[in-house]
Amino acid sequence: MSRIQILEERCKGCRLCVEACPTGVLRPSGRFNHQGYEVMEADGQCVGCASCAVMCPDTAIRVFKSVKGAAA
Amino acid sequence: MTSAKKSVPPRAEKLVFDVNPVLNERPTHYCPGCHHGIAHRLVSEALHELGVADRTILVASVGCAAFTYDYFNVDSVEAPHGRACAVATGVRRARPGAVVFTYQGDGDMAAIGTAESLHAANRGEKITAVFINNTVYGMTGGQMAPTTLLGQKTTTSRRGRDFDNEGGPIRLTEIMAQLQGVAYAARCALDSVKHVKEAKKAVRRAFDAQIAGLGFGFVELLSSCPTNWHMDPVAANRHIAEEMIPVFPLGVFRDVMKEKGNA
């Protein structure tokens, strides 16, 4: 399964990623970072399309895509 | 995400999206949802993919983008307000091997720096200009810019911009495309995944034009300013799609590389 990693100290809680995600993986977490912004969290079936990362103004998202057939 | 408990074999994963080394990891000073961050990323990716970051010189402007030099791992010069293209002219002529680009907002490039920008373009200076159009003066508190839409309320157009009093929004890309020295002129938007991907290609092409020595590369990016538009970032993106793009049509207005057939 693909997944994303949110760099919480870079996130500014703008929610452009929430809007961009085609599968609704992202949502506000209720936690705040040192800058005082509510950070996003990921929960659900990520397809690794990187739409969230393309829209993120703060490059706060890393995307890992699963590679079929290869051993971990 | 381990699948050790299940019988299916574990799958490898590949990092497909990460911060590239041309952009440093310092959090930006921009407001939440500001498209400057996306524009920074597109420029840094273009420099990274071209492999020219070590010989790139950024000419920073005045405005919200005044601290651009803090975020790029390239050499930089800070220009006086509006004069980034003039400074870049000097930098590029003194260092012919360098890749020189300016990063300017609409207040900087389309208002105080119109003369410097248009004449640098007209001379065909081998530089690239990234023009961020968000229809307001962002850093100083949302005053009317030359690109402000008709009817748009700002702190200096309280009843909305009126053509009879303040004129209409300047379409700088169309003006640039008329000039002989311009090798590439395009307008893109940063409001959706599709448009950002198109913008990435345009930014890359604006650098290609310079590196090929064909002339001035220009790319205008329609960006949001949620703070001064008094909208949340998601509504600001919709504002770009519904209000800005009809006034500022997207597209490539001049591409000498294509005309010459080596696209």
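Could you give the Stokes-Einstein D for the stretch B:36-259 in µm² per second, using the C-alpha Kirkwood radius, 4 °C, 1.567 mPa s?
Value of D from the Cα-based Kirkwood radius: 76 µm²/s.
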Summed residue charge, Cβ within 12 Å of B:Ala60's Cβ, Lys/Arg positive, Asp/Glu negative:
-3
Per the 1/(1 + (r/R0)^6) rule, R0 = 35 Å and r from the Cβ atoms of B:Asp232 and B:Thr114, FRET efficiency to 0.05 is 0.60
Do any cysteines of chain A lack a neighbour Cys whose Cβ is under 4.7 Å away, and which are they?
A:Cys11, A:Cys14, A:Cys21, A:Cys46, A:Cys49, A:Cys56
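So what's the projected area for the stretch A:3-64, the Cα convex hull averaged over all directions, in nm²?
Average projection, Cα convex hull of the stretch A:3-64: 3.4 nm².
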Mean projection area, nm², convex hull over Cα of the protein assembly as shown
18.4
The stretch B:227-260: which trypsin sites (Lys or Arg not before Pro) are DSSP loop and have at most 12 other beta-carbon atoms within 10 angstrom?
B:Lys260
DSSP bridge orientation in the stretch B:9-131 - percent antiparallel, rounded to nearest 5:
5
Using only the Cα atoms of the stretch B:119-207, construct the convex hull and provide its projected area averaged over every direction, in square nanometres to one decimal.
7.0
Stokes-Einstein, Kirkwood over Cα pairs, the stretch B:139-263, 20 °C, 1.002 mPa s; D in µm²/s equals 136
Check: C-alpha center the stretch A:31-72 vs C-alpha center the stretch B:179-212, spacing in Å is 27
Fewest-first sequence of B:Met139, A:Met1 by Cβ atoms within 10 Å of each Cβ:
A:Met1, B:Met139
Please give the residues of the stretch B:164-178, grouped as numeric ranges, whose backbone N is less than 17 Å from a label point set 7 Å along the Cα-to-Cβ vector of B:Leu150.
B:164-172
Calculate the mean, over all residues of peptide B:234-246, of how many other protein chain Cβ atoms lie within 10 angstrom of the residue's Cβ.
1
Pairs over 20 Å Cα to Cα, from A:Lys68/B:Lys194; A:Lys68/B:Lys14; A:Lys12/B:Lys200; B:Lys201/B:Lys258, come to A:Lys68/B:Lys194; A:Lys12/B:Lys200
Any chance you could check the Cα centroid distance between the stretch B:111-171 and the stretch B:213-247 for me, in angstrom?
12
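Where a number appears in this text, it was derived from the coordinates with a stated rule and is not lab data. Owing to the predicted nature of the structure, the values given are computational and were not obtained by experimental measurement. Cβ coordinates were reconstructed from backbone atoms using ideal geometry, including for glycine residues, and neighbour counts include every protein chain displayed.
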